[in-house]
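The values are calculated or read from the model by the stated rules, or taken from the named source; none is laboratory data. Predicted, not measured: the structure shown is a model, and the values here were computed from it. A quick note on method: Cβ atoms are made from the backbone with ideal geometry, for glycine too, and the neighbour counts reach across all protein chains shown.
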Amino acid sequence: MSTQLELLFKKVKSENRAALIAYIPAGFPTQEGCAKAIRALAEAGVDAIEIGYPYSDPVMDGPTIQEAAEISLNGGTNAADVFAALKVASSTGVAAVVMTYWNPIEKYGVDNFAQSISDNGGAGVITPDLTIEESQRWLEATSKHSINPIYVVAPSTSDSRLKDVTSKAGGFVYAASVMGVTGARTNIALDAGNLVSRVRNVTELPVCVGLGVSTRVQAKDVAAYADGVIVGSAFIKLILEADNEQEGLDKISELAKELALGVREGR
């Protein structure tokens with residue numbers, strides 16, 4: 001495990017709370033706008049930032065993230081921009097990871113991609129569509145460059161499969177709270193709590209829950225049982241709906257502060 005994530009989860013454990021992890025796609029709403037959003041989120045109290053690699057055919061992303069990815073891709077965002085956003089995030093002092101589908105990694109070069117994550121202060125990579133059976137080259141590269149391979153599990157993942165997947169994972173396990181795509185939801189499925197306890201039965205790794213958290217109350221509810229709460233669509237929606245850049249930054253700062261209170265109230 002990268003020391004960055006290790007230190008983060010040690011810190012939040014000592015404070016008896018969950019970590020707050022914010023997601024933003026690289027290049028959204030613009031390259032500069034993304035850098036400002038990352039700094040605003042870090043200043044507002046998020047513990048880690050997940051940089052999304054915008055992708056034209058995302059299997060796990062809901063309409064809000066897809067819209068943001070489209071804006072980013074139309075702005076010409078490429079691998080270099082993803083690594084630049086990662087560097088901005090890691091330089092704020094928070095733990096920083098990238099979430100990407102497998103295709104961009106393969107296209108860039110598996111070893112080169114892992115090295116670029118490491119070079120830009122990244123602690124790991126979340127790969128939602130990479131199965132452990134197809135991970136050999138990736139695991140070699142992440143091990144070589146000391147970054148964490150973070151896998152996604154879902155309520156439909158069987159217990160024996162959970163054991164296999166988590167044995168290959170590093171940093172934390174990403175638990176998708178529901179079967180479906182990302183997006184803010186009015187209630188987080190009961191499945192999430194059940195999934196977290198099943199994951200805990202097979203690994204010592206921290207478990208972070210993503211898909212659907214958008215309010216302080218939801219953050220509090222998820223923080224009661226998870227080691228980390230991942231929020232993406234709720235931040236992106238505020239940026240999309242803002243009349244101007246500054247309004248968007250103010251709104252995401254406000255929400256981040258609320259969510260930071262939420263993860264501290266969970267236990």
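The table below lists the values:
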quantity	calculated
Matching residues, the range 108-123, being within 13 Å of Ala96 (Cα to Cα) and among the hydrophobic types (A, V, I, L, M, F, W, C)	Ile117, Ala123
Failed item, numbered, when Lys257 is tested on (1) modelled with pLDDT of 95 or more; (2) part of a loop (DSSP other than H, G, I, E, B)	(2)
Residues of the range 111-120 classified as over 13 Å from Val82 (Cβ atoms) and either crowded, with 22+ Cβ neighbours inside 10 Å or in contact (Cβ under 8 Å) with a residue 40 or more places away in the chain (or both), total	1
Complete set of residues in the range 89-110 that are free of Cβ contacts under 8 Å to residues at least 24 places away in the same chain and either acidic (Asp, Glu) or crowded, with 19+ Cβ neighbours inside 10 Å (or both)	Glu106
Helices (runs of 4 or more DSSP H) within the range 136-226 that include 3 or more residues out of contact with any helix residue (DSSP H, G or I) (no Cβ under 7 Å at 6 or more places or on another chain) and modelled with pLDDT of 95 or more	136-144, 159-168, 191-200
Subset of the range 139-165 (residues that are more than 20 Å from Val88 (Cβ to Cβ), of a type in the set (A, V, I, L, M, F, W, C) and out of contact with any Phe, Trp or Tyr (no Cβ under 8 Å at 6 or more places or on another chain))	Leu139, Ala154, Leu162
Residue in the range 59-75 that is surrounded by fewer than 24 Cβ atoms within 10 Å (Cβ to Cβ), touching a Lys or Arg at 6+ places or on another chain (Cβ under 6 Å) and more than 25 Å from Thr166 (Cα to Cα) present	yes
Subset of the range 240-255 [of a type in the set (A, V, I, L, M), in contact with a helix residue (DSSP H, G or I) (Cβ under 6 Å, 6 or more places away or on another chain) and surrounded by fewer than 23 Cβ atoms within 10 Å (Cβ to Cβ)]	Ala242, Leu249
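This table checks each residue for (1) touching a Leu at 6+ places or on another chain (Cβ under 8 Å); (2) in contact (Cβ under 8 Å) with a residue 24 or more places away in the chain; (3) assigned to a helix (DSSP H, G or I).
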{"site": "Gln4", "(1), (2), (3)": "no, yes, yes"}
{"site": "Asn16", "(1), (2), (3)": "no, yes, no"}
{"site": "Ala37", "(1), (2), (3)": "yes, yes, yes"}
{"site": "Ala40", "(1), (2), (3)": "yes, yes, yes"}
